[in-house]
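**Student:** Structure below; questions to follow.
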Amino acid sequence: MKAAVVCGNEDVRYMDYEEPQVQPGMVKVKVRVSGICGSDIPRVLHHGVHFYPIVLGHEFSGDVVEVGEGVTKVRVGDRVSGAPLLPCMGCEDCQKGNYSLCRHYSFIGSRQQGSNGDYVVIPEKNAVVFDPSVSYEQGAMFEPSTVALHGLFQNDYRGGELVAVLGGGTIGLFTMQWAKIFGAKKVVVFDISQKRLELAKRLGADETICSLEEDYMEQAGRITEGAGFGYVFETAGQTATMEAAFLLAANKASVCFIGTPHKDLTFSPAVWEQMNRKEFKLTGSWMSYSAPFPGREWELTAHYFATGQLRFDPALIFQKFPMSRAQEAFQLFKEPGKVKGKILLVNESGEQEA
């Protein structure tokens with residue numbers, strides 16, 4: 001088969017690669033679309049892989065073309081997305097259903113062959129079947145959607161409150177939509193890009209605020225009548241948004257950090273003290289899994305994509321590249337801020353169907 005193989009730092013080659021074979025309990029997927037995740041960027045540009053050569057890719061969709069012995073729930077012809085985590089299922093965290101916290105896990109697309117090729121083989125339980133009305137492009141968005149929904153569950157989310165979402169990227173926009181689906185009183189999205197804020201409005205945000213504006217905190221205060229937000233979700237992983245989360249939280253609020261920081265964080269005593277004075281609860285969120293594996297995050301994403309309540313907009317996609325041009329696609333990330341949205345790698349045979 002052909003695959004986009006990472007052979008060295010900044011060296012992605014579209015080349016012949018050993019085609020994975022189906023084993024008992026596994027299914028073979030013909031990959032149609034594979035998304036580039038933020039976690040893939042350091043793997044390619046900063047010597048971040050576990051070994052060379054490797055085929056990355058863990059946000060994908062495609063068609064089941066072969067099933068192994070013992071497979072009963074997934075059939076040839078099913079349209080599927082793939083849950084990339086491979087937990088050990090034996091450790092204490094796995095036994096409690098906390099698969100995201102497994103310390104002995106493997107992972108499709110980082111620790112073993114991923115979806116940036118013609119085919120990928122995954123366990124049956126990792127194959128999430130979705131309705132044919134859902135496009136392959138949407139199918140490649142399952143993983144970021146489930147990350148967003150897992151953050152809601154981690155934050156003990158309940159409807160009826162004012163919600164702030166800091167960051168209008170892919171995960172932030174799914175976080176906003178999930179908060180709306182589950183009954184938010186009002187959801188406000190904060191971002192520095194007007195285009196992302198416009199997209200947030202199209203996808204259902206009640207209000208948007210550009211956090212580059214000097215009075216953006218005052219704007220937020222007017223929306224909440226000075227009380228703050230009952231739920232705050234930080235999805236950008238930036239120092240400024242993490243500090244803003246503390247300032248925007250209401251008394252007794254629930255604050256969740258979904259975004260992953262890549263720099264040292266320093267909070268002034270006055271900002272950190274907000275947590276004490278407001279007695280808000282701060283938690284983190286990691287990946288997107290629950291019991292029974294892979295979890296309700298994946299089941300609900302398939303359901304709400306099919307009903308149309310979880311909405312997809314072409315503007316979520318920054319650009320599509322043929323899989324053969326993966327090297328070119330990764331080079332775009334060398335310019336900070338250039339990529340606004342998801343880059344999808346499309347296998348040529350499925351491009352017209354995506």
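The values are calculated or read from the model by the stated rules, or taken from the named source; none is laboratory data. None of the values given here were measured: they were computed from a predicted structure. All Cβ positions, even for glycine, are placed from backbone atoms using ideal geometry, and neighbour counts span all protein chains on display. Heavy atoms of the whole protein, side chains included, go into the accessibility calculation; ligands, DNA and RNA do not. Shrake-Rupley method; radii C 1.70, N 1.55, O 1.52, S 1.80 Å.
**Student:** Using a 1.4 Å probe, what is the accessible area per residue for the chain, in Å²? List each step's numbers first, then the result.
**Tutor:** On the way: 15650 Å² over 354 residues.
Result: 44 Å² of accessible area for each residue.
**Student:** After finding the eigenvalues of the alpha carbon gyration tensor for region 180-332, what semi-axes result from the square roots of 5 times each, listed largest first in whole Å? Please list the in-between numbers first.
**Tutor:** On the way: eigenvalues 164, 82, 69 Å².
The three semi-axes for region 180-332 are 29, 20, 19 Å.
**Student:** I'd like the distance separating the alpha-carbon centroids of region 139-159 and region 29-88, in whole Å.
**Tutor:** Cα centroid of region 139-159 versus Cα centroid of region 29-88: 20 Å apart.
**Student:** Moving on. Under 10 Å, Cα contacts only: if you run a Gaussian network model on the chain, which one of Leu248, Leu203, Leu332 comes out with the highest mean-square fluctuation?
**Tutor:** So, out of Leu248, Leu203, Leu332, the one fluctuating most is Leu332.
**Student:** For Thr283, Thr301, give me the order by solvent-accessible area with a 1.4 Å probe, most accessible first, ignoring ligands, DNA and RNA. Walk me through the numbers on the way to the answer.
**Tutor:** Values: Thr283 45, Thr301 0 Å².
Result, largest first: Thr283, Thr301.
**Student:** Suppose accessible area is computed on protein heavy atoms with a 1.4 Å probe; arrange Trp178, Trp286, Trp272 from highest to lowest.
**Tutor:** Descending accessible area places them as Trp286, Trp272, Trp178.
**Student:** For region 47-82, state which trypsin sites (Lys or Arg not before Pro) are in a DSSP loop and have at most 14 other beta carbons lying within 10 Å of their beta carbon. Before the final figure, lay out the partial values.
**Tutor:** Numbers: sites: Lys73, Arg75, Arg79; in loops: Lys73, Arg75.
Passing sites in region 47-82 are Lys73, Arg75.
**Student:** Moving on. In the structure displayed, which of Lys2/Lys334; Lys180/Lys278; Lys28/Lys340; Lys125/Lys186; Lys195/Lys334; Lys281/Lys342 lie more than 27 Å apart, Cα to Cα? Write down the numbers at each step before the final one.
**Tutor:** On the way: Lys2/Lys334 25 Å; Lys180/Lys278 25 Å; Lys28/Lys340 32 Å; Lys125/Lys186 36 Å; Lys195/Lys334 21 Å; Lys281/Lys342 31 Å.
Exceeds cut-off: Lys28/Lys340; Lys125/Lys186; Lys281/Lys342.
**Student:** Just tell me which aspartates and glutamates come within less than 20 Å, Cα to Cα, of Lys96; anything on the same chain fewer than 8 places away is out.
**Tutor:** Partners found: Asp156, Glu297, Glu299.
**Student:** Please report, in whole Å, how far the alpha carbons of region 292-354 spread along each principal axis, starting with the longest.
**Tutor:** Sorted from largest, the Cα extents of region 292-354 read 37, 30, 25 Å.
**Student:** Relative contact order of region 153-311: what whole-number percent is it, with Cα pairs under 8 angstrom and at least 6 residues apart?
**Tutor:** Details: 294 pairs, mean separation 32.9, N = 159.
For region 153-311, the relative contact order is 21 percent.
**Student:** Could you give me the radius of gyration and the Dmax of region 1-158, taking only the C-alpha atoms into account and expressing both in angstrom?
**Tutor:** Rg, Dmax (Cα atoms, Å): 15.7, 50.
**Student:** For region 166-248, run through the GluC sites (Glu not before Pro) and keep only the ones in DSSP coil with at most 16 other Cβ atoms within 10 Å of their Cβ. Working shown, then result.
**Tutor:** Values: sites: Glu198, Glu207, Glu213, Glu214, Glu218, Glu225, Glu234, Glu243; in loops: Glu213, Glu214, Glu225.
Within region 166-248, the qualifying GluC sites (Glu not before Pro) (loop, at most 16 other Cβ atoms within 10 Å) are Glu213, Glu214, Glu225.
**Student:** What shape does region 83-159 take by its C-alpha gyration tensor, where a ≥ b ≥ c are the square roots of the eigenvalues and a/c under 1.5 counts as rounded, a/b above b/c as prolate, and the rest as oblate?
**Tutor:** Details: a/c = 2.18, a/b = 1.11, b/c = 1.97.
Since a/c reaches 1.5 but b/c is at least a/b, the shape of region 83-159 is classed as oblate.
**Student:** Explain nothing, just the number: relative contact order of region 30-130, from Cα pairs under 8 Å at least 6 residues apart, as a whole percent. Walk me through the numbers on the way to the answer.
**Tutor:** Working: 177 pairs, mean separation 34.3, N = 101.
For region 30-130, the relative contact order is 34 percent.
**Student:** Tell me, what % of the accessible area of the chain is carbon and sulfur with a 1.4 angstrom probe? Display every interim value, and only then the final one.
**Tutor:** Values: 7420 of 15650 Å².
Carbon and sulfur together cover 47 percent of it.
**Student:** Once the Cα atoms of the chain are picked out, what are the Rg and Dmax in Å?
**Tutor:** 20.3, 62
**Student:** Rank these by accessible area, largest first, 1.4 Å probe: Asp63, Asp131.
**Tutor:** Working: Asp63 20, Asp131 70 Å².
Heavy-atom accessible area, descending, gives Asp131, Asp63.
**Student:** I'd like the antiparallel share, as a percent to the nearest 5, of DSSP beta bridges with both residues in the chain.
**Tutor:** Details: 33 of 61 bridges.
Taking every DSSP beta bridge within the chain, about 55 percent pair in antiparallel fashion.
**Student:** Let me ask you something else. Just to confirm a number: summing +1 for Lys and Arg and -1 for Asp and Glu over residues other than Lys252 whose beta-carbon lies under 9 angstrom from that of Lys252, what do you get? List each step's numbers first, then the result.
**Tutor:** Working: positive: Lys278, Lys281; negative: Glu279.
Once all neighbours under 9 Å are counted, the net charge is +1.
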